């Protein structure tokens, strides 16, 4: 096998601007791969830990006009909730880890080619996708086989800022990073209306503004 290349720090702007959709694995990319399993009144419960900075990275990607698809080989209510919170454009969960057919279905529906797609992965279930997309990306703690096929090798590990690292790298290469960040900062200076405060005020709080995707940590 060819050796693993050192991490890439810069993206080709032409390639970066060609990307229209960013696909993300969950376990090992949006999370650190850990799973918390428990039982509540006889019902199995699964919890995952997500990174707030990664979430803001997803928000930035969508603000820049990119579509974000979450593709995972594990079915989990936690993932559905997180995808909804992040306002991901697509979510595909398959317990048999048939990720490539799921991604192809999403791309066909949206009229996007594999060459216009980036995907961030970490382990063997991601290899089929990474071998086909225009911009394959490996998190910092990905297995060697994944790192070998990845055009971009991140320094941050899954669930610890890898998605945010890639979001910044991609948007900088596209020339959108500064505008997206400044637009976000301007949004945090806007005072909520009285109606918003009253509508979303939980009992016992003086004021609470409606949630916006990853606005606060």
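Look at residue 96 and say whether it is more than 16 Å from residue 31 (Cα to Cα), surrounded by fewer than 22 Cβ atoms within 10 Å (Cβ to Cβ) and either under 15 Å from the mean Cα position of the chain (by Cα) or at pLDDT below 95 (or both). Judged against the criteria, residue 96 is a match. Of the set (1) touching a helix residue (DSSP H, G or I) at 6+ places or on another chain (Cβ under 9 Å); (2) at pLDDT 95 or above; (3) surrounded by 15 or more Cβ atoms within 10 Å (Cβ to Cβ), all apply to residue 73 but (2). Evaluating residue 128 against the criteria (1) buried (at least 18 other Cβ atoms within 10 Å of the Cβ); (2) part of a helix (DSSP H, G or I); (3) without any contact (Cβ under 8 Å) to a residue 60 or more places away in the chain; (4) in contact with a helix residue (DSSP H, G or I) (Cβ under 6 Å, 6 or more places away or on another chain) leaves one unmet condition, (1). Taken over the range 104-125, the criterion of being under 14 Å from the mean Cα position of the chain (by Cα) and either under 19 Å from residue 35 (Cα atoms) or assigned to a helix (DSSP H, G or I) (or both) is satisfied by 121, 122. Report, by residue number, each residue of the range 49-70 that is surrounded by 20 or more Cβ atoms within 10 Å (Cβ to Cβ) and touching a strand residue (DSSP E or B) at 6+ places or on another chain (Cβ under 7 Å). Result: 58, 61, 66, 67, 68, 69, 70.
Can you tell me which condition residue 202 does not meet? The list is (1) modelled with pLDDT of 70 or more; (2) part of a loop (DSSP other than H, G, I, E, B); (3) more than 30 Å from residue 12 (Cβ to Cβ), and all the others hold. Result: residue 202 passes all but (1). Pairs linking a residue in the range 18-33 that is in contact (Cβ under 8 Å) with a residue 60 or more places away in the chain and at positive phi to a residue that is surrounded by fewer than 24 Cβ atoms within 10 Å (Cβ to Cβ) and in a helix (DSSP H, G or I), with Cβ atoms under 9 Å and 6 or more positions apart or on different chains, are 33/27. If a residue must be closer than 22 Å to residue 19 by Cα and either in contact with a helix residue (DSSP H, G or I) (Cβ under 9 Å, 6 or more places away or on another chain) or crowded, with 24+ Cβ neighbours inside 10 Å (or both), how many such residues does the range 143-160 contain? The total comes to 10.
The values are calculated or read from the model by the stated rules, or taken from the named source; none is laboratory data. Predicted, not measured: the structure shown is a model, and the values here were computed from it. Glycine also receives a Cβ, built like all others from the backbone with ideal geometry; neighbour counts cover every protein chain displayed.
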